[in-house]
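Enquirer: Let me begin by handing over the structure; questions about it come next.
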Amino acid sequence: MRDQNPFINQLNLNVMKKLIFIATITMLATACGPRQPAEEAEHLPEPAVLQAGNLLGHHTLHYELAPGVTTDELLDFTKDKFHPAYEKHHPGLKLFPLSGRTGECVDCWSTLYVFESTGVRDKYFTADGSRTELSMAALEKMQPEMEELLQMVEYTTTYTDWEIIGDTGTPGPELQAGNLLGLHTMHYELAPGVTIDESIDFMKDEHGPAFEKHFPGGRFFILKGRTGEGADCYGWLFVFESVEVRDKYFKADGSYTELGQANLEKMQPVIERGSKFGEYTTTYTDWVIQ
């Protein structure tokens, strides 16, 4: 039953106004009060979508596990703890563990560093691969993860930093577990009068698009070595959606399957035009993102 006493009604109205006022102040204080520092915010890295200008640091691992530690345990720790911590303290960088499947480095392990640009890479590493002060400070913030890693394994690395050059004009693939990356180092013998830039332009403008057209599920990128072992080399990067897609076109030894050979025949006009630029061979490893 509604209370008909005017004094009581006015009292209730005043109380309600006070409650609304308090609630409003509380909401404003929450919205405008001290914010969580950026370095302590939850790490939600952007997906690694390959495109021209990215810097890919490929580090092959040479390691010795501590007694009782398995490769699977090290991989789980790397994916679940170490890489997320590393990415949190090195903005602009994504890390991917890779397992060698075919080619020169079968059963090897490596890490792919995907930097947004050469500028981001240079914030953290010098030309000779040593760490800058900024990167050393970042490592200090992840000492627990570093100490746990070193309790599991001792390791060294050999590496090349590859810059993706040339814009294919189409969005690159978003790297994820299960992708297969065919990393090929090129060994060129240019025809007389042909420059490396002319050859690379042909690869970017004609060879790459033809490959992607006739080998569905595969993407093609041109790389230029910037620092490390392959500095001043050129390379190709093939990105296949999965191992199964790669195996439709290539055998374990790198030769073509029946389907791959048929698709290659469709590329013959492009291959013939490319022959005037010179000859090349490659050394390669197919790496699977874990």
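Enquirer: By the scheme Lys and Arg +1, Asp and Glu -1, what is the net charge of all other residues having a beta-carbon under 14 Å from that of Gly235?
Expert: -3
Enquirer: According to a simple spin-label model (label point 7 Å from Cα along Cα-to-Cβ), what is the distance in nm between Ala66 and Ala137?
Expert: 3.0
Enquirer: Taking neighbour counts of Cβ atoms within 10 Å as a proxy for exposure, in what order, fewest first, do Met152, Met146 appear?
Expert: The order, fewest Cβ neighbours first, is Met146, Met152.
Enquirer: Additional query: Which net charge results when you count Lys and Arg as +1 and Asp and Glu as -1 among the other residues whose beta-carbon is under 15 Å from that of Arg131?
Expert: Residues near Arg131 contribute -2 overall.
Enquirer: Here's something else I'd like to know. Using the Karplus curve 6.51 cos²θ - 1.76 cosθ + 1.60 with θ = phi - 60°, work out ³J(HN,Hα) for each residue of the range 93-104 in order, rounded to whole Hz, and write x for Gly and Pro.
Expert: Karplus-based 3J(HN,Hα) across the range 93-104 equals 10, 10, 10, 9, x, 10, 10, x, 10, 9, x, 6 Hz.
Enquirer: Report, largest value first, the span of the C-alpha coordinates of the range 63-161 along each principal axis, in whole Å.
Expert: Principal-axis extents of the range 63-161 (Cα, largest first): 37, 34, 22 Å.
Enquirer: Continuing with this model, one more query. Under 23 Å between alpha carbons, and skipping anything fewer than 8 positions from Lys276 in its own chain: which lysines qualify?
Expert: Lys276 reaches Lys204, Lys213, Lys224, Lys266.
Enquirer: Something else now. For Thr158 paired with Glu212, estimate the spin-label separation in nm (one decimal), with each label point 7 Å from Cα along the Cα-to-Cβ line.
Expert: 3.2
Enquirer: Using the number of other C-beta atoms within 10 angstrom as an exposure proxy, rank Thr281, Thr227, Thr157, Thr60 with the fewest first.
Expert: Thr281, Thr157, Thr60, Thr227
Enquirer: For Thr282 and Val106, calculate 0.36 nm times their separation in residues minus their Cα-Cα distance, and state this gained length in nm to one decimal.
Expert: Here the segment from Thr282 to Val106 would lengthen by 61.7 nm.
Enquirer: Apply the Kirkwood formula to the range 51-290: the hydrodynamic radius equals the inverse of the mean of 1/r over all pairs of different alpha-carbon atoms; give it in Å with one decimal.
Expert: Radius from the Kirkwood sum: 19.1 Å.
Enquirer: Summing Lys, Arg as +1 and Asp, Glu as -1, what charge do residues with Cβ under 10 Å from the Cβ of Gly53 carry, Gly53 excluded?
Expert: Charge balance near Gly53 sits at -3.
Enquirer: For Thr132, enumerate residues with amide H under 5 Å from its amide H, sequence gap 5+ or separate chain, H modeled in the peptide plane.
Expert: Residues meeting the amide H criterion: Phe125, Thr126.
Enquirer: For each of Lys248, Lys88, Lys276, count neighbouring Cβ atoms within 10 Å of the residue's Cβ, then give the residues from fewest to most.
Expert: The fewest-first ordering by Cβ neighbours comes to Lys276, Lys248, Lys88.
Enquirer: While we're here: Run the reach check for Lys141 against lysines, Cα to Cα strictly under 19 Å, same-chain hits fewer than 8 apart removed. What comes back?
Expert: The qualifying lysines are Lys79, Lys81, Lys88, Lys94, Lys123.
No lab work stands behind these numbers, since they all come straight from the coordinates. Treat the numbers as computed from the prediction; the structure is a model and nothing was measured. Cβ atoms come from the backbone with ideal geometry, glycine included; neighbour counts cover every protein chain shown.
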